[in-house]
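> Next up is a structure, given as structure tokens.
The values are calculated or read from the model by the stated rules, or taken from the named source; none is laboratory data. Just so it is clear, the structure is predicted and the values come from calculations on it, not from any experiment. Cβ atoms come from the backbone with ideal geometry, glycine included; neighbour counts cover every protein chain shown. Surface accessibility is based on the protein's heavy atoms, side chains included, excluding ligands, DNA and RNA. Shrake-Rupley method; radii C 1.70, N 1.55, O 1.52, S 1.80 Å.
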Amino acid sequence: MSKPFRFIEPYIPSIEEITPHLQQAYELGHFTNFGPACKKLEHEIENKFAIESYNAITVTNATAGLQIVLSIIDVRDKYVVIPDFTFPATFQAVLAAGGIPILCDIDLATSELDYHSLKDALDTHDNVAAVIHVRCFGIRRDVTNIIHLCHSRDIPIVFDSAAGLGDVRQGKYGSDYGEFEVFSLHTTKVFAAGEGGVILTPNTYADKLREATNFGLQPDRTFVDGINAKMDEFRCAVGLATLNNLSTIIDMRTKHVKESMRILSQSSCIDFFQVGMEQTWSNFPIFSSKHMGDELQNIFEEHGIITKRYYYPLMSKGYKGLANFIAHSSKNAEELENRILCIPVYSRAVEPSFFTALENIVESLE
Ligand SMILES: Cc1ncc(COP(=O)(O)O)c(C=O)c1O
């Protein structure tokens, strides 16, 4: 049997594409601590992805980015609402910032934080210092209702958009409400640098956030809350090289998703979330009305396609550490946890045998 189709095929720019972005670092002998490639990457991300009043701050990864944003908000010993359906990074960032997670339910139609569950949690618990809205699978939706709800209670909102950076056809990030958006540049993402992350922040918080990435050090050598979350020149150079190819990468991924959708929609039991095609397409989640996620995963594997169950398990079931958290509500999250399957999306032209395998899967499901 031929090699199975991998779930993730990272896009790695060539060495020739990366090295020009390191030239200044070599000339100046400046390899980290806000060097030239770091400044350039932040500048280019700001220009491409953020509205005028926002800044980009690079970080070592999205988990550190979320932690830093939460510590600037100051969530210590206070509650932070997050969805139960997310990757452990969201939960861990709250703990690392000294907060207590409240796990809320999700909307079945979107897999994202449910408005009513969030409202109920805010009505039930005083002392909520922040809300993290996870843009699941990097899909970008209009969540004005959630932003308005948080704004009406004066509670800062942080978007965990780990898989979302890449596409701006829906417009630039940021608004007058002052939300934070945190992205990952991990190798599993579309805009990848190996490891890395970016915070898009209202510019009034930029200096504080940058200090927090550098141990919280102040000019007089005293220090506030912070960690070491600086992205070094080598990773920034990879990020810059990837950025140059991003629109081609997203075109390829969109083509791949469109053709997979066309084939899978011939099955009476496969369904997708209703979203426009103008996405980064970091992931392509599907679900079946007849099969649980693990059954569907086995069927794909039998046909040579490796898939992944995201986000599984729920935070309320997966966390085995000792910290306190509140499980507020999870009914819909429990339903989706067992159904969703993410199938491969590639940043290159896809061989016809991938689509033949999908056709065979559709046939075997009927
Ligand atoms: C929803 C979510 N948040 C945060 C992260 C963490 O990103 P990083 O690996 O950059 O820390 C991930 C990783 O995939 C994620 O899926």
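> Can you pull out every residue in segment 224-246 that is among the polar types (S, T, N, Q) and more than 30 Å from ARG76 (Cβ to Cβ)?
Hits for segment 224-246 are THR242, ASN244, ASN245.
> Based on this model, can you work out whether VAL69 counts as assigned to a helix (DSSP H, G or I), crowded, with 23+ Cβ neighbours inside 10 Å and of a type in the set (Val, Ile, Thr)?
So VAL69 passes the test.
> Scan segment 328-350 for residues that are open to solvent by 60 Å² or more (accessible area, probe 1.4 Å) and over 21 Å from PHE284 (Cβ atoms) and jot them down.
LYS331, GLU334
> ASP294 fails exactly one of the following numbered conditions: (1) over 28 Å from THR124 (Cβ atoms); (2) open to solvent by less than 30 Å² (accessible area, probe 1.4 Å); (3) not small (Gly, Ala, Ser). What is the number of that condition?
The single condition ASP294 does not satisfy is (2).
> Taking segment 190-205 as the search range and keeping residues that are surrounded by fewer than 24 Cβ atoms within 10 Å (Cβ to Cβ) and in contact (Cβ under 8 Å) with a residue 60 or more places away in the chain, which one is nearest to the ligand (Cβ to nearest atom)?
Here the answer is GLU195.
> Every residue in segment 167-189 that is more than 10 Å from the ligand (Cβ to nearest atom), more than 20 Å from LYS40 (Cβ to Cβ) and not charged (D, E, K, R), please.
Within segment 167-189, GLN170, GLY171, GLY174, SER175, TYR177, GLY178, PHE180 meet the criteria.
> Within segment 351-363, track down each residue that is out of contact with any His (no Cβ under 6 Å at 6 or more places or on another chain) and either open to solvent by less than 60 Å² (accessible area, probe 1.4 Å) or at pLDDT below 95 (or both).
Answer for segment 351-363, where residues must be out of contact with any His (no Cβ under 6 Å at 6 or more places or on another chain) and either open to solvent by less than 60 Å² (accessible area, probe 1.4 Å) or at pLDDT below 95 (or both): PHE354, PHE355, LEU358, VAL362.
> Would you please name the residue that is surrounded by the fewest Cβ atoms within 10 Å (Cβ to Cβ), looking only at residues in segment 312-327 that are part of a loop (DSSP other than H, G, I, E, B) and among the aliphatic types (A, V, I, L, M)?
Applying the filter and picking the extreme gives LEU322.
> Would you pick out the residues in segment 296-315 that are more than 16 Å from the ligand (Cβ to nearest atom) and over 21 Å from MET261 (Cβ atoms)?
ASN298, GLU302
> In segment 30-50, what count of residues is obtained for those that are open to solvent by 50 Å² or more (accessible area, probe 1.4 Å), more than 22 Å from GLY216 (Cα to Cα) and in contact (Cβ under 8 Å) with a residue 24 or more places away in the chain?
3
> Report, by residue number, each residue of segment 206-223 that is open to solvent by 40 Å² or more (accessible area, probe 1.4 Å), out of contact with any helix residue (DSSP H, G or I) (no Cβ under 7 Å at 6 or more places or on another chain) and within 12 Å of ILE72 (Cα to Cα).
Matches in segment 206-223: ASP207, ARG210, GLU211.
> Select, from ALA237, ALA229, ALA241, the only residue that is more than 19 Å from GLU337 (Cα to Cα) and within 16 Å of the ligand (Cβ to nearest atom).
Every option except ALA229 fails the conditions.
> Take LYS3 and decide whether it is in a helix (DSSP H, G or I), surrounded by fewer than 16 Cβ atoms within 10 Å (Cβ to Cβ), more than 18 Å from the chain's Cα centre (by Cα) and more than 15 Å from the ligand (Cβ to nearest atom).
In short, no.
> Among the residues of segment 277-290, which ones are in contact with a helix residue (DSSP H, G or I) (Cβ under 7 Å, 6 or more places away or on another chain) and over 18 Å from ARG135 (Cα atoms)?
Result: SER288, single match.
> Can I ask one more? Would you point out the residue of segment 44-67, among those that are within 12 Å of the ligand (Cβ to nearest atom) and touching a strand residue (DSSP E or B) at 6+ places or on another chain (Cβ under 7 Å), that is farthest from ALA241 (Cα to Cα)?
Out of the qualifying residues, it is LEU66.
> Now, a different point. Identify, from the list GLU179, GLU233, the residue that is under 26 Å from GLY29 (Cβ atoms), modelled with pLDDT of 95 or more, crowded, with 22+ Cβ neighbours inside 10 Å and of a type in the set (Asp, Glu).
Exactly one of GLU179, GLU233 is under 26 Å from GLY29 (Cβ atoms), modelled with pLDDT of 95 or more, crowded, with 22+ Cβ neighbours inside 10 Å and of a type in the set (Asp, Glu), namely GLU233.
> If I ask for residues that are touching a residue at least 40 places away in the same chain (Cβ under 8 Å), in a helix (DSSP H, G or I) and over 23 Å from PRO83 (Cβ atoms), which ones from segment 276-301 would you list?
Scanning segment 276-301 gives ILE299, PHE300, GLU301.
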